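These notes concern the structure reproduced below.
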Amino acid sequence: MGLDLRLPIGLLLAVIGLLLAGFGLASGGDIYRRSLGINVNLWWGGVLLAVGIILLISARRNRSAE
Amino acid sequence: MFRIQPGFIDYLILACYLAFVIGIGFSLKRTVRTSADFFLSGRSIPAWITGLAFLSANLGAQEVMGMAASGAKYGIATSHFYWVGAIPAMVFVGVYMMPFYYGSRARSVPEYLKLRFDEKTRCFNAVSFAAMTVFSSGISLYAMGLLLAALLGWDFHASILLSAFIVLCYIFLGGLTSAIYNEVLQFFLIVAGFLPLVFLGLKDVGGWQKLVDRLKDVAVSQGFAAGAFTDSWRHLGDSSRNPMGIEWFGMLMGLGFVLSFGYWCTDFLVVQRAMAANSMAAARRTPLIAAVPKMLFPVIVILPGMIAIALTGSQGPGGFHLPPKPDGALNYDMTIPLMLGHYFPPGMLGLGLTALLASFMSGMAGNVTAFNTVWTYDIYQSYIRRNASDSHYLWMGRMATVFGIIASILAAYLATRFNNIMDFLQLVFAFVNAPLFATFLLGMFWKRATGHGAFSGLVCGTVAAALHHGLSLPKGAEAGIKGGWLGAWTAYPSEMAQNFWTAIWAWLVCFLVTILASLFSKPSPEDRLKGLVYTLTEKPPEEDLRWYQRPAPLGAVILGLALLLNIIFW
């Protein structure tokens with residue numbers, strides 16, 4: 001098939017992760033009262049970024065292996 | 001009504017998602033050269049992708065929001081839809097049925113019926129299925145438009161047209177491959193958007209043990225056994241002691257056997273994903289791979305409902321609670337969107353809304369791709385234009401995509417004008433679907449079953465479903481769309497119990513009539529049934545596969561895990 005699906009999924013998760021984590025770093029205080037005082041943007045953004053990067057690396061490895 | 005006000009960051013995340021969805025469509029455009037590429041992805045997709053798409057095509061927003069609503073209404077017993085219903089059926093279709101679907105080279109489920117039985121059986125299935133897909137994608141469009149208008153204040157017409165247009169774009173360009181790839185992307189987003197919600201909700205309640213304690217109070221206050229919301233089996237002995245209003249036999253036979261097997265084993269919407277796999281082994285693994293995340297999905301779709309009902313009424317002002325509807329009942333259906341708005345700060349809110357939109361689109365795309373295939377192969381090629389060139393059918397597939405989406409939009413508007421018509425149509429489709437699994441079971445495992453037998457079984461089963469519905473009524477309902485329109489002979493404790501028993505009767509009548517009518521009609525010659533019936537088909541070779549790649553051991557492991565879950569949450 002023409003397209004390794006891990007690329008777009010990894011890329012999208014990484015981009016969303018970056019946006020969320022960046023926004024989480026820049027924001028604080030009051031808006032996190034609703035999420036029980038947890039900066040979910042920063043934490044979950046970091047998780048998504050990590051998952052995205054893992055997918056991208058595994059797609060790249062696969063390509064160089066071929 | 002509660003309003004959510006998304007900010008710039010939220011719209012930015014949503015825009016990223018939309019750009020990727022359409023981008024996938026464009027990048028797959030050049031892979032579509034023949035009609036087989038468009039409708040079957042050229043049978044070239046690896047099993048992990050078809051597996052996740054198999055799961056995701058069923059994860060429309062109505063499923064996600066409906067399961068959360070049931071979690072709030074019925075508690076953990078909702079997991080029967082997964083651990084008793086879906087999982088065994090998915091193992092069965094992978095291990096026993098996929099060899100016939102994939103091996104017969106049929107291009108659709110109705111086409112399998114044509115190969116195995118005859119033209120009229122195929123026609124009955126193809127026409128009812130095509131109509132059903134259009135209406136269900138219309139109804140989900142309608143639900144989405146209403147939700148976005150109520151929640152975000154978006155324009156009803158604009159949200160319907162925009163999401164229909166995006167789905168149209170990516171299917172038109174890349175066909176089934178594009179739908180499948182996007183379903184996998186949507187699956188990741190659904191998990192990414194909803195999992196933190198469960199975490200925050202659970203933290204708000206004070207952990208699992210606290211949740212169990214609070215649900216005891218909820219159950220007692222509604223007049224059920226104390227553990228009715230957290231024990232899945234213990235209170236099924238007596239239909240009055242559990243909120244579903246069903247006893248174990250009706251649950252096991254109606255939901256576990258007839259309805260779930262009927263859906264997961266015969267509905268082309270999901271089977272089509274497995275047919276796109278790149279080998280017989282991959283096709284058989286598709287539902288098995290899907291079963292693993294499916295088993296864990298109650299955490300994402302049912303647990304939020306249980307959390308929501310536990311929090312309702314036990315929190316101080318400003319805490320989460322389900323609001324009452326005008327008629328006084330709690331607004332269960334809005335559980336997920338309300339929790340999104342309550343717990344997610346800007347940023348995560350965008351991701352949560354993206355997940356909601358992603359699940360709408362994956363459900364709709366599933367219907368549209370199933371529709372364009374059945375329309376083009378089973379209706380257009382069979383009855384309208386028989387021997388055209390392949391490029392003509394490819395063109396017709398793209399046109400059918402456009403037409404199917406326009407028809408869905410019309411159905412959505414029909415639903416806004418005549419809500420009763422939609423309820424009525426869904427009821428009729430339920431009657432047509434209920435007996436289907438009996439036909440496939442006999443077709444695949446009993447070589448003596450004939451075309452006349454299958455057709456008369458299907459018709460009688462459908463009529464039996466309608467009769468049973470017409471003669472029974474759930475407790476407290478008025479005769480009409482809920483049943484009893486021929487006179488209420490029996491009353492069921494709940495609508496769910498009535499549905500399950502309708503399915504059981506339909507199945508039984510179809511099963512018996514098919515056998516009887518088959519015995520009275522001429523048997524099909526055996527050489528015509530090769531590859532279509534169990535006893536006349538060679539087993540697919542498995543020697544070069546490792547044990548975990550073989551369907552049977554994999555299926556056994558999955559069934560064992562599902563059994564374990566049932567025992568843990570007994």
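The values are calculated or read from the model by the stated rules, or taken from the named source; none is laboratory data. Remember, it's a predicted structure, so these values are computed and weren't measured experimentally. Cβ sites come from the backbone with ideal geometry, for glycine too, and all protein chains shown count toward neighbours.
Here's the yes/no breakdown for (1) within 20 Å of the chain's Cα centre (by Cα); (2) more than 20 Å from residue B:360 (Cβ to Cβ); (3) hydrophobic (A, V, I, L, M, F, W, C); (4) surrounded by 24 or more Cβ atoms within 10 Å (Cβ to Cβ):
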| residue | (1), (2), (3), (4) |
| --- | --- |
| B:7 | no, yes, no, no |
| B:31 | no, yes, no, no |
| B:43 | no, yes, no, no |
| B:50 | yes, yes, no, yes |
| B:62 | yes, no, no, no |
| B:71 | yes, no, no, yes |
| B:78 | yes, yes, no, yes |
| B:91 | yes, yes, yes, no |
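I need the full set of residues from the stretch B:6-43 which are more than 10 Å from chain A (Cβ to nearest Cβ), of a type in the set (Lys, Arg) and in a helix (DSSP H, G or I), in order please. Hit for the stretch B:6-43 is B:43, nothing else. Among the residues of the stretch A:53-60, at least one is buried (at least 21 other Cβ atoms within 10 Å of the Cβ), in a helix (DSSP H, G or I) and facing another protein chain (nearest Cβ under 10 Å). Might you let me know whether the stretch B:100-120 holds any residue that is in contact with a Ser or Thr (Cβ under 6 Å, 6 or more places away or on another chain) and outside any helix (DSSP H, G or I)? Yes, the stretch B:100-120 has at least one match.
Just the residues that are without any contact (Cβ under 8 Å) to a residue 40 or more places away in the chain and within 11 Å of chain A (Cβ to nearest Cβ), please, taken from the stretch B:162-196. B:188, the sole residue that qualifies.
Return the residue satisfying two criteria in turn: it lies in the stretch B:543-569 and is closer than 20 Å to residue B:46 by Cα and exposed (fewer than 12 other Cβ atoms within 10 Å of the Cβ), and of such residues it is modelled with the lowest pLDDT. Only one residue tops the list, namely B:543.
Rundown of residues vs (1) in a helix (DSSP H, G or I); (2) within 15 Å of residue B:441 (Cα to Cα); (3) not charged (D, E, K, R), yes/no style:
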| residue | (1), (2), (3) |
| --- | --- |
| B:467 | yes, no, yes |
| B:470 | yes, no, yes |
| B:473 | no, no, yes |
| B:499 | yes, no, yes |
| B:506 | yes, yes, yes |
| B:512 | yes, yes, yes |
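Checking each residue in the stretch B:445-465 for being surrounded by fewer than 22 Cβ atoms within 10 Å (Cβ to Cβ) and part of a loop (DSSP other than H, G, I, E, B) picks out B:446, B:447, B:448.
Any chance the stretch B:423-440 includes a residue that's assigned to a helix (DSSP H, G or I), at negative phi and over 23 Å from the mean Cα position of the chain (by Cα)? Please lay out each step first, then the result.
Here is the first cut: in the stretch B:423-440, the residues assigned to a helix (DSSP H, G or I) are B:423-433, B:436-440.
Now restrict to residues that are at negative phi: B:423-433, B:436-440.
Of the ones still in play, those that are also over 23 Å from the mean Cα position of the chain (by Cα) are none.
Looking through the stretch B:423-440, none of the residues is assigned to a helix (DSSP H, G or I), at negative phi and over 23 Å from the mean Cα position of the chain (by Cα).
Reported count of residues in the stretch B:175-199, each being touching a Lys or Arg at 6+ places or on another chain (Cβ under 9 Å) and either of a type in the set (Asp, Glu) or surrounded by fewer than 24 Cβ atoms within 10 Å (Cβ to Cβ) (or both), is 1.
When B:508, B:442, B:425 are screened for being modelled with pLDDT under 90 and either touching a His at 6+ places or on another chain (Cβ under 9 Å) or surrounded by 16 or more Cβ atoms within 10 Å (Cβ to Cβ) (or both), only B:425 passes. Among the residues of this structure, residue A:31 counts as one that is of a type in the set (A, V, I, L, M, F, W, C), part of a helix (DSSP H, G or I) and at pLDDT below 90. Filtering the stretch A:25-42 for residues that are under 11 Å from the mean Cα position of the chain (by Cα), within 11 Å of chain B (Cβ to nearest Cβ) and either surrounded by fewer than 19 Cβ atoms within 10 Å (Cβ to Cβ) or within 29 Å of residue B:5 (Cβ to Cβ) (or both) leaves a non-empty set. Pairs are defined by a Cβ separation below 7 Å, a sequence spacing of at least 6 or placement on different chains, a first member in the stretch B:549-570 that is free of Cβ contacts under 8 Å to residues at least 24 places away in the same chain, and a second member that is part of a helix (DSSP H, G or I) and of a type outside the set (Gly, Ala, Ser); the pairs so defined are B:553/B:547.
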